[in-house]
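Read the structure below first, then the notes.
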Amino acid sequence: MPQSKTIDYQNVNLKGTIQVPGDKSISHRSIMFGAIAKGTTTVSGFLLGEDCLSTIDCFRKLGVKIEVDGTNVTIQSAGIEAWEEPKEILYTGNSGTTTRLMLGILSGTSLHTVMTGDASIGKRPMRRVADPLRLMGAKISGRADGQYTPLAIQGTTLKAIDYTMPVASAQVKSAILFAGLRAQGTTIVREQEVSRDHTERMLKQFGGSITVDGGVVSIEGGQQLTGTHVNVPGDISSAAFFLVAGAIVPNSEITLENVGVNPTRSGIIDVFENMGAQLSVHIDDENAHEPTATLKIQTSQLKATTIEGDMIPRLIDEIPILALLATQAEGKTVIRNAEELKVKETDRITAVVTELKKLGAKIEATDDGMIIEGPTKLHGGSLKSYGDHRIGMMAAVAGLITDSPVELDDADCIAVSYPSFFEHVNELIHK
Ligand code: S3P
């Protein structure tokens, strides 16, 4: 049974410095590339969230040696040809990234595998990945013609494709690129709106070659990758909860160190600027494989904004917490072109609107986003996380500004991406 939690933090201020845990997207990919590459890969700053542990578990079942020592991980692999056919089902838990990227990786092996995840994964669309992979020759079967887990994959020889993405999705793009690495010929992926590019960046770190020209990514099949060291920066999607908390909780000042600010992920910084937030950004090393920065946020007078178009993929996971921010901004904030929210860990348009309304927010759902009017004083209430870590953290941050406690039905799900979330809240709280 999931644990409920009372968020009872009235009249607090937030002050101090924290380092948010490692980036979830980059942590997953470090294990995947480490398992594909020949030799030893070392990872520092790895996220010990449940999603990334699911990825480790899947690769261990494929015979890859992975040792975890705190946030340091060592992967030893003799390359993809040395993987063993797993005797057990690969369990991907709550992780869409694990499920979708593994589909791309496993399609080009010589192995038969079966993958399944939790109830949320069982409702998320997989044909967006299975369809382009089938064009490459992949043999994938599952419920509703491969739309839903459990999925069975019979690895086979793949051929390259030239694919135009119908939705902005780094998971779809990455699955095709991983398959392209094993395919005959040059695979091309064309994006209308650029999604996060961690796969492209990390491939180069492992000695691979890939060309990126605007929204066109090309990868040659048959490349051999070599183990390396990966340094995982802090996750901007986790930092987002404290950026918003710092901006809306009175008399606060929070410094977040070592936050990844890859331009394909840093849309929230642009939105903070548009809303007039007191955010300072100090870039540590722009030329790192993944650039990082120190972010400092202070309580801010906020004005409403519009979030739309090619900004959406750059902050898709931050929309729940940005909706809470907008309840405290002067005017009408419009979020549009974000229909992808409906197929995340839960339908995040419905979840955000339903839960924030319970606290008195003026928020309405639209077909592709939401409209929020502010500023509104929020009151306490009983909220649901829908088993979605980012909805759970949104509810907890809301509880920092409500006039009475917020009761959250399931706070355990937060461990999917941020196991130390409440420890960090408690570290920053001053009365
Ligand atoms: C991710 C891509 C995004 C994001 C998810 C992680 C990734 O999903 O929402 O949390 O690591 O590639 P989509 O590819 O569905 O947009």
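Above 17 Å lies some portion of the pair distances; for segment 277-395, what is it as a whole percent of all C-alpha pairs?
Details: 4159 of 7021 pairs.
Of the Cα pairs, 59 percent sit more than 17 Å apart.
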Can you tell me which lysines have their Cα less than 24 Å from the Cα of Lys431? Leave out same-chain residues fewer than eight positions away. Lys5, Lys15, Lys296, Lys377
If you count only protein heavy atoms and use a 1.4 Å probe, how large is the accessible surface of Glu308, to the nearest 10 Å²? 80 Å²
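What is the calculated FRET efficiency for Arg134 to Gln298, with r their C-beta to C-beta distance and R₀ = 45 Å, to the nearest 0.05? Spell out each step's value before the answer.
Working: r = 51 Å, r/R0 = 1.14.
Once the sixth-power term is evaluated, E becomes 0.30.
Where the eigenvalues come from the Cα gyration tensor of segment 24-221, what are the semi-axes √(5λ) of the equivalent ellipsoid, largest first, in whole Å?
On the way: eigenvalues 100, 79, 54 Å².
Taking √(5λ) for each Cα gyration eigenvalue gives 22, 20, 16 Å.
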Accessible surface, the chain, averaged per residue in Å² (probe 1.4 Å): 37 Å²
Considering Cα pairs under 8 angstrom that are at least six residues apart, work out the relative contact order of the chain and quote it in whole percent. 19 percent
Using the Cα gyration tensor of segment 1-118, the equivalent ellipsoid's semi-axes, largest first and to the nearest Å, work out to 32, 18, 11
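Which percent of the accessible area of segment 276-431 is formed by carbon and sulfur heavy atoms (probe 1.4 angstrom)?
Numbers: 2780 of 6070 Å².
It is 46 percent, rounded to a whole number.
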Say each of Asn287 and Gln224 gets a label point 7 Å from the Cα, pointing the same way as Cα to Cβ; how far apart are those two points in nm? 3.0 nm
Per residue, the convex hull enclosing the Cα atoms of the chain spans a volume in Å³ of 121 Å³
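For segment 24-221, what does the relative contact order come out to in percent, with C-alpha contacts under 8 Å and a separation of six or more? Write down the numbers at each step before the final one.
On the way: 427 pairs, mean separation 33.8, N = 198.
After rounding, I find 17 percent.
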Rounded to the nearest 10 Å², the accessible area of Lys204 at probe 1.4 Å: 110 Å²
As I understand it, the value is the acute angle between the Cα axis of helix 348-358 and the longest principal axis of the Cα atoms of the chain; what does it come to in degrees, rounded to 10? 20 degrees
So for segment 295-337, averaging the separation of alpha carbon pairs under 8 Å that are six or more residues apart and normalising by length, what relative contact order in percent results? 62 percent
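Could you please state how large a percent of the accessible area of segment 39-112 is carbon and sulfur, counting protein chains only and using a 1.4 Å probe?
C and S fraction of accessible area: 48 percent.
How much net charge surrounds Arg124 when only other residues with a Cβ under 14 Å from its Cβ are counted (Lys, Arg +1; Asp, Glu -1)?
On the way: positive: Arg100, Lys123, Arg127, Arg128, Arg143, Lys342, Lys344, Arg348; negative: Asp51, Asp118, Glu340, Glu345, Asp347, Asp388.
Computed value for this residue: +2.
In segment 24-221, what is the count of Lys pairs whose alpha carbons are under 15 Å apart, counting only pairs at least 8 residues apart or on separate chains?
On the way: Lys38/Lys65; Lys38/Lys204; Lys61/Lys87; Lys139/Lys159.
Taking segment 24-221 as the scope, the lysine pair count is 4.
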Roughly how much of Ile401 is accessible, in Å² to the nearest 10, using a 1.4 Å probe? 20 Å²
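The values are calculated or read from the model by the stated rules, or taken from the named source; none is laboratory data. Remember, predicted model here, so these are calculated numbers, not experimental data. No Cβ is skipped: glycine too gets one built from the backbone with ideal geometry, and neighbour counts run over all protein chains shown. Accessible surface is based on the protein model in full, side chains and every heavy atom, while ligands, DNA and RNA are left aside. Shrake-Rupley method; radii C 1.70, N 1.55, O 1.52, S 1.80 Å.
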